Amino acid sequence: MTSLHSKGLESKYTGDMKHDCRSRVSVLLMLLALAANASAAMIGLGDLLRLYEAEGIRVVYSTAVVDEAAPVSRPDRLTLPALRTLLAAHGLQLRDVGRRRWVITRTERSASAAVRQTDHRPVESIVVTASRYELEGSSAATAHDLDQTRMIDSPSFAGDSLRVIHRLPGAATLGVSTRPNIRGGEADEVLVVFDGVELIEPFHLRDFQSLFSSFNPRTIQRVEYFTGGFPARYGNKLSGVLDIAAEDAFEGPGGELGISNFWSSALVFTESDASQAVLSARRGNVDLALDVVNPRLGAPRFYDLYGSLSHRFDGGEGKISAFYFNDDVLLESDEERASSRVDNGYLWADWRFEARPGYETRTLLNYGRVVSKRLGERFSDRAVGQLSDQRELEVIGIRHTRERPWGEHVDLSLGVSMRHLSLDYTTRIDVARNTVAAFLGQPLWIDDDHRGSVDGVSASGFFTARIAAGARSTVQVGMRVDRQTYGYADTQWSPRLAMVYRLAPAWRLRISYGQFHQPHEIQDLRTADREIEYTRAQRSAHWIGGVEHQLSRAIQARAEVFYKSIRHPRPRYLNLFDPYRFTPEVEPDRIAVRAERAFSSGVELSVSGIHDHVEWNLNYTRSQVRDFENGRWIDRRWDQTHSVNGLVNWQHGPWRVGFGFAWHTGWRMTRIPLELAAAEPFIISQHRSNARLEAFGTVDARVSYTLQWPESSLQWFLEVTNLANRSNKGGVDYEISLEDDVYRLDEVDIEPVFPIVPNLGLVWRF
């Protein structure tokens, strides 16, 4: 594999690659065409790229991809659209990797030709930062960059590409939900941003553990995944950020068709000199599989649509996009039945303008509408009840950001945003509970009817300054302010401070501190749990320190310590024994946790590398997360003291093979006494999380083979989740009886999660 040397625009792969007859002929034809216009100013492509570097436009490329000696016409203005046009003539494209950084890659079809010219395709993972901006991009925040290739090739349940984040440090999961708990936080403490727009729960089966994400992997260019200390441009969440960039590097016309056990998908795209259009549609196949395997389990139907139309102009780009996902789910078992219908749609217009290199403005207008309807019923001796929950949410927002240099050593980012939100809700819940609820001291009968409308404004502003403080260190300071006018009107100020210090050429020290707030979102009123009033914003402080070491050109290691304190935590509603129920609000073990404060802390060690055909990473985390309730520190359910996970991807010619593994200490459970006198109250806070489930472990695999033709390709793949069919446990089911004024534990069942799950599929690209 060629290696990468970083020095501004001169970053390149070294090594030799033979050019075949086709590439030599194309260069000759290009020279003849240029000679026909003798009046044009000629310059070598490498020299032109160095002129762009002098203008502050940061690009990285490989000499195996870019022929530096190729003559091109020098444009009148050194703009990005002009550079894109020049590169397109050479079968190349300019790929945005975030924060005003670009990498030159082959277009899809020229890349396919290159694959046929060599017996292997190197694994590429390039993140380059100019020396002036040591804190660019992820800065001192705990962040991971994931590109499309890595997400698709990594093994994951149902081919859900976002689940690759489960293989990174800081994520706690039992493999059921796509939404992990990040560094001890709750699942709803992660901000999801797609193409600059904040999305509200973009998951299929969101009312049933959020089993799948709503994104076609081919519409994702990259993901920036923050697990703490994220920059001031992100707000309103305590724990993490998923910043998903939409794919915009299609070379059309073309598309793909795919089918697997879980999905059927179609994607088409086209591109002209200055415009591009993309349309993606997917349908879940789970209902079709259940019709064959066990139609009594129900009919979970869901699909998602995404489309965009963009146009590049001199100095900028305009784009209109739409994203819609729908669930129409019915699930049944011997004990319960539940249905959920969700319509979640977004429309946005995005305008970017670059007056001159380094001076970028972006304005984004967006509209969102979420309509959900839930029905539930229990018909066993455990509980008898109903749940009807209907909601309609509308969001209209505008966001404006600017980025510009200020002198030679400072880079500024500023932004403001405002959203108008409105919510209408109706909730009806009738529940008759059994002995388990009586044992826990919970109400046996609930007859509630909540109706209401809420509207208001959510506004924010931020600034960030990245300062080159000497030859070895860079400091990032920022401030964010948020205000809400609905429910509990409140204002939050969130300062951020981070530093990177180069200890030695191969060593970097990163330190950051920040305050983060999560207001009670307008859609998060838990009326089914009898929560009818908004509470003040939660507040968290993150202290993070880490050191990075480049062990060799191909291997990097990182160690990080973190401490996160939480003030004013919202009441948390959970099922004490078994969290995996269709309608958890009507279960007899439903309780409210009203902690006074909380914290999480830990140490993360990770090492990653690239060697010829293999890319890998290995991570270890030791952590703890606790609530302070009723004078006691109590572990949260997802507390996992030790965690080890990793990923290995291998590719050679048409073959790609990936293995992922995870092991962690078993999650917390609540063990109850064998007998308890009815006159003696069971104090939940004295018993909650007093035991552990068995340790969790899984090995997942993915193998694919691609048949390549001049204008198309056909790939088959096989994924297997939980390859060893390990019986991992996720909850407990207790049966309790009352005899002679004594509660007795009659039966204990440990509830498993996923068994071995295969996924076989085909993808035709054209």
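Quick notes on this structure:
- Test for Phe226: is it out of contact with any Ser or Thr (no Cβ under 7 Å at 6 or more places or on another chain), outside the structural domain of Thr105 (by TED's automatic domain parsing) and more than 16 Å from Tyr303 (Cα to Cα): no
- Residues that are under 14 Å from Leu146 (Cβ atoms) and touching a helix residue (DSSP H, G or I) at 6+ places or on another chain (Cβ under 9 Å), drawn from region 195-226: Ser213, Phe215, Pro217, Ile220, Gln221, Arg222, Val223, Tyr225
- A single entry from Glu224, Glu189, Glu201 fulfils the requirement of being in contact (Cβ under 8 Å) with a residue 24 or more places away in the chain and crowded, with 22+ Cβ neighbours inside 10 Å: Glu224.
- In the condition set (1) at pLDDT 95 or above; (2) of a type in the set (A, V, I, L, M, F, W, C); (3) more than 25 Å from Gln484 (Cβ to Cβ), Ala274 is compliant with all but (1).
- Given (1) of a type outside the set (A, V, I, L, M, F, W, C); (2) within 20 Å of Ala172 (Cβ to Cβ); (3) outside any loop (DSSP other than H, G, I, E, B), index of the condition Pro579 fails: (3)
- Listed conditions (1) under 24 Å from His204 (Cα atoms); (2) touching a His at 6+ places or on another chain (Cβ under 9 Å) are all met by Glu336, apart from (2).
- Filter pass, Ser308 being modelled with pLDDT of 95 or more, within 20 Å of Tyr367 (Cα to Cα) and assigned by TED's automatic domain parsing to the domain that holds Phe194: yes
- Some residue of region 306-322 being of a type in the set (Ser, Thr, Tyr) and under 27 Å from Ala89 (Cα atoms): yes
- Residue check, Ala355 over 25 Å from the mean Cα position of the chain (by Cα), surrounded by fewer than 19 Cβ atoms within 10 Å (Cβ to Cβ) and either in the same structural domain as Glu394 (by TED's automatic domain parsing) or modelled with pLDDT of 95 or more (or both): yes
- When Phe562 is tested against (1) buried (at least 21 other Cβ atoms within 10 Å of the Cβ); (2) farther than 30 Å from Gly731 by Cα, just one condition goes unmet, and that condition is (2).
A quick yes/no check of all residues on (1) more than 25 Å from the chain's Cα centre (by Cα); (2) crowded, with 19+ Cβ neighbours inside 10 Å:
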residue: Leu421; (1), (2): no, yes
residue: Asp424; (1), (2): yes, no
residue: Thr427; (1), (2): yes, yes
residue: Phe439; (1), (2): yes, yes
residue: Val457; (1), (2): yes, no
residue: Gly461; (1), (2): no, no
residue: Thr485; (1), (2): yes, no
residue: Arg496; (1), (2): no, yes
residue: Ala504; (1), (2): yes, no
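- Scanning region 307-334 for residues that are under 30 Å from Gly376 (Cα atoms) and among the hydroxyl-bearing types (Ser, Thr, Tyr) yields Tyr324, Ser333.
- Any hit, region 676-698, residues being under 27 Å from the mean Cα position of the chain (by Cα), touching a residue at least 40 places away in the same chain (Cβ under 8 Å) and under 30 Å from Phe439 (Cα atoms): yes
- Test result for Val342, buried (at least 20 other Cβ atoms within 10 Å of the Cβ), in contact with an Asp or Glu (Cβ under 6 Å, 6 or more places away or on another chain) and modelled with pLDDT of 95 or more: yes
- Residue check, Ala266 in a strand (DSSP E or B), without any contact (Cβ under 8 Å) to a residue 24 or more places away in the chain and surrounded by fewer than 17 Cβ atoms within 10 Å (Cβ to Cβ): yes
- Taking the criterion of being in a loop (DSSP other than H, G, I, E, B) and either of a type in the set (Gly, Ala, Ser) or crowded, with 22+ Cβ neighbours inside 10 Å (or both), the residues of region 506-524 that qualify are Ala506, Pro519.
- Members of region 284-307 that are in contact (Cβ under 8 Å) with a residue 12 or more places away in the chain, surrounded by fewer than 16 Cβ atoms within 10 Å (Cβ to Cβ) and closer than 16 Å to Ser264 by Cα: Ala289
- Verdict on Thr535 being among the polar types (S, T, N, Q) and touching a residue at least 60 places away in the same chain (Cβ under 8 Å): no
- Of the strands (runs of 3 or more DSSP E) lying entirely inside region 699-758, the ones with 2 or more residues being β-branched (Val, Ile, Thr) and within 19 Å of Val164 (Cα to Cα) are found at 713-721.
- The condition (being among the aromatic types (Phe, Trp, Tyr), in contact (Cβ under 8 Å) with a residue 12 or more places away in the chain and out of contact with any Lys or Arg (no Cβ under 8 Å at 6 or more places or on another chain)) is satisfied by just one residue among Tyr367, Tyr359: Tyr367.
- Among the residues of region 463-480, those identified as part of a strand (DSSP E or B), surrounded by fewer than 19 Cβ atoms within 10 Å (Cβ to Cβ) and not aliphatic (A, V, I, L, M) are Phe463, Ser473.
- Total residues in region 278-305, condition of a type outside the set (Gly, Ala, Ser) and at pLDDT 90 or above: 14
- When residues of region 525-558 are limited to those that are acidic (Asp, Glu) and surrounded by 16 or more Cβ atoms within 10 Å (Cβ to Cβ), the one nearest to the chain's Cα centre (by Cα): Glu548
- Filter result (at pLDDT below 95 and on the phi < 0 side of the Ramachandran plot) within region 617-631: Asn617
- Among the candidates Val648, Val603, Val593, the residue that is under 24 Å from Ser161 (Cα atoms), modelled with pLDDT of 95 or more and surrounded by fewer than 21 Cβ atoms within 10 Å (Cβ to Cβ) is uniquely Val648.
The values are calculated or read from the model by the stated rules, or taken from the named source; none is laboratory data. These figures come from a predicted structure and were not determined experimentally. Here Cβ is always computed from backbone atoms with ideal geometry, including for glycine, and neighbour counts include all displayed protein chains.
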